[in-house]
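Here is the structure we will look at.
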Amino acid sequence: WDNADFSRGVGTTYYQEFLTLNTERPPFIRDVEAKIRRYLRSSYSAAWTLKITWEKAPAYGARTDTRRTSTYQAVLTTDGFRSYVLMLYQEGGMGWDYTKLAATNVLIGYT
């Protein structure tokens, strides 16, 4: 991720923690578990999950352009033995103008 710039009062960050050990699973947790099962072909039952959402976040340097924003999430989850991170982006990917970022090797995801 590049640096988001919230200094102009544009964009918001939210987080929500889910403790699901021996409790009923809300639809969001069932969806996370299903994604992990499908992508990793593994049985998985979340004990703890943290969802962080950056909504309408402008890229660093947004003092000049706060119109191009992005909404994305990181979902951290564990069953107590294995841990995963899901990185979810708004439809169409990042909305930032990557030609104006300091880094020229921009990717969505991680290595």
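Can you give the percent of C-alpha pairs in the stretch 12-100 whose distance is more than 16 Å?
On the way: 2301 of 3916 pairs.
Summing the P(r) of the stretch 12-100 above 16 Å gives 59 percent of all pairs.
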Accessible surface of the stretch 12-100 [probe 1.4 Å, protein heavy atoms]: carbon and sulfur percent: 52
In nm, spacing of pseudo-spin labels at Ala74 and Arg37 (7 Å Cα→C-beta vector): 2.7
Length gained when the stretch Val10-Phe28 is fully extended (0.36 nm per residue, less Cα-Cα span): 3.8 nm
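The values are calculated or read from the model by the stated rules, or taken from the named source; none is laboratory data. Being a predicted model, the structure only gives us computed values, none of them experimental. Cβ sites come from the backbone with ideal geometry, for glycine too, and all protein chains shown count toward neighbours. Areas reflect the complete protein model, heavy atoms only, side chains present, ligands, DNA and RNA absent. Shrake-Rupley method; radii C 1.70, N 1.55, O 1.52, S 1.80 Å.
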